[in-house]
Amino acid sequence: MDKVITDENKIDEILSRGVEDIIVKEELKKELMSGKVLRIKLGIDPTGPKIHLGRAIPIRKLREFQKLGHQIVFIVGDFTAQIGDASDKTEKRPMLTRATIDENIKDYKNQIGKIIDVSKTEFVYNNDWLAKLTFADVVKMSDCFSVQQMLSRRNFKDRHEAGTEISLREFLYPMMQGYDSVEVKADIEIGGFDQLFNLKAGRIMQEFFGQQKQNIITFSMLEGTDGRKMSTSWGNVITIVDEPYDMFGKIMSVRDDLIIKYMSLCTDITQEEIEDTEKKMKEGANPMEFKMRLGSELVRMYHSEQDATFAKNEWTKTFQKGGVPDDVKEIKTKEKEEMGSVLVENKIVSSKTDWRRLVEDGSISDKDGKKITEIKQKVYSNTFKIGKRRFVKIIVE
């Protein structure tokens, strides 16, 4: 293995950029400066098949540790995904089936490989050890936690006070994530700030099993396209495998006040450029320019320079010059079909309810500027704009 890099400037940047909290910072920096190879743990539950930019933040931090020569341990939570993490949930989370989880994890390794070197990564699945625990094991480990501890957690506290159901399996989740740290002998665990309770559980479990307690790094949460925390369950995500034009378009729809945050958390744009961008926007510069820079950089990172140029040009042509994308999807259909049904069947809109909302909001119009105002509108040949970014060409045969 290559020698561990102990450059203090690089370590300080890793411990500052995008970081919300560190436990325990003095100990962690001392260990990073020691030259010892540390085991850096990140676990992700495959609640969806695609990794979004919010989840990519800690993976990008893994990459920085990997560059310093540390050992990355990536845990796919194929067991914990069945239980459901309640960290950011205001109501009980449904359990996922094994079949859904297996489908979700099919491409995880390839996606993660866009960010870190998977050939140098311990890529493990927590079903391998959690499924083997006996009921006696679970009872024994449960003694490390109290009901009072669980109810002190903000979302559990709020749900308890509101009389909203909290299941015992939700109480067990932090213990299971904590036990992951025992199994992989983690020196450091990283995750989103909403994961702090679970990450601290790792320290409790390691102490219980006689291991040195892991240090913790948490990161700022990333807002999605609707301004709420980016979440697969809310559908407000920008994934690292989105098509270039779609990725660019979603970035352009993000609030202007999030440009700096996205640059800092999601890209390698230098701190100097980020500070200059922030200064210029405060002085009244048009945020559009910087958002296009952000969109281009993200497309370049996850696709290519050529894709970034194409996406930017297509977006500019479509939204600044009133054009239509060159690669607009074509649907051939028969006369007298209802447009809503055709668009739902072809997955252009998600449901009849979505179609009704779009029509009522006046969000569908044809190339000639005519708005669709009837729910039962019959199809006709034209190119239609749906919402802010979607286009479809309907051909009636």
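The values are calculated or read from the model by the stated rules, or taken from the named source; none is laboratory data. Predicted model only: the values in this text are computed from it and were never measured. Every residue, glycine as well, gets a Cβ built from its backbone with ideal geometry; the counts of neighbours run over all protein chains shown.
Details
- Near pairs, Cβ below 8 angstrom, 6+ apart or cross-chain, from the stretch 258-279 (closer than 19 Å to residue 52 by Cα) to any residue that is outside any helix (DSSP H, G or I) and among the aromatic types (Phe, Trp, Tyr): 265/219
- Qualifying positions in the stretch 24-60 - hydrophobic (A, V, I, L, M, F, W, C) and either assigned to a loop (DSSP other than H, G, I, E, B) or touching a Leu at 6+ places or on another chain (Cβ under 8 Å) (or both): 24, 28, 32, 37, 38, 40, 42, 51, 53, 57, 59
- Any hit, the stretch 171-184, residues being over 25 Å from residue 58 (Cβ atoms), in the same structural domain as residue 70 (by TED's automatic domain parsing) and not basic (Lys, Arg): no
- Residue match in the stretch 132-142 (condition: touching a helix residue (DSSP H, G or I) at 6+ places or on another chain (Cβ under 9 Å) and touching a residue at least 60 places away in the same chain (Cβ under 8 Å)): yes
- Residue list for the stretch 136-175, restricted to those being surrounded by fewer than 17 Cβ atoms within 10 Å (Cβ to Cβ), among the acidic types (Asp, Glu) and at pLDDT below 85: 158, 161, 165
- Residue count for the stretch 97-135, restricted to those that are surrounded by 14 or more Cβ atoms within 10 Å (Cβ to Cβ), of a type in the set (A, V, I, L, M, F, W, C) and within 21 Å of residue 177 (Cα to Cα): 8
- Being at negative phi and exposed (fewer than 12 other Cβ atoms within 10 Å of the Cβ) holds for only one residue in 261, 282, and it is 282.
Each row is one residue, and each column tells you yes or no for (1) not hydroxyl-bearing (Ser, Thr, Tyr); (2) not assigned by TED's automatic domain parsing to the domain that holds residue 153.
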| residue | (1), (2) |
| --- | --- |
| 191 | yes, no |
| 200 | yes, no |
| 205 | yes, no |
| 211 | yes, no |
| 229 | yes, yes |
| 232 | no, yes |
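- Only listed residue being touching a residue at least 12 places away in the same chain (Cβ under 8 Å) and in contact with a helix residue (DSSP H, G or I) (Cβ under 6 Å, 6 or more places away or on another chain), chosen from 77, 18, 84: 18
- When residues in the stretch 366-395 are screened for being in a strand (DSSP E or B), among the hydrophobic types (A, V, I, L, M, F, W, C) and out of contact with any Asp or Glu (no Cβ under 7 Å at 6 or more places or on another chain), 4 of them pass.
- Segments classed as helices (runs of 4 or more DSSP H), wholly inside the stretch 291-365, with at least 2 members that are within 30 Å of residue 269 (Cα to Cα) and among the polar types (S, T, N, Q): 305-315
- Restricting the stretch 176-191 to residues that are at pLDDT 95 or above and not in a helix (DSSP H, G or I), the residue that is surrounded by the fewest Cβ atoms within 10 Å (Cβ to Cβ): 185
- The single residue among 354, 327, 307 that is surrounded by fewer than 16 Cβ atoms within 10 Å (Cβ to Cβ) and either at pLDDT below 85 or in contact with a Pro (Cβ under 7 Å, 6 or more places away or on another chain) (or both) turns out to be 327.
- Filtered by the rule that a residue be part of a helix (DSSP H, G or I) and in contact with a Lys or Arg (Cβ under 7 Å, 6 or more places away or on another chain), the stretch 135-168 gives 151, 155.
- Subset of the stretch 28-44 [farther than 18 Å from residue 184 by Cβ and either surrounded by 13 or more Cβ atoms within 10 Å (Cβ to Cβ) or not assigned by TED's automatic domain parsing to the domain that holds residue 55 (or both)]: 29, 32, 33
- Verdict on residue 58 being under 25 Å from residue 102 (Cα atoms) and surrounded by fewer than 20 Cβ atoms within 10 Å (Cβ to Cβ): no
- In the set (1) more than 26 Å from residue 241 (Cα to Cα); (2) in a helix (DSSP H, G or I), residue 111 fails one condition alone, (1).
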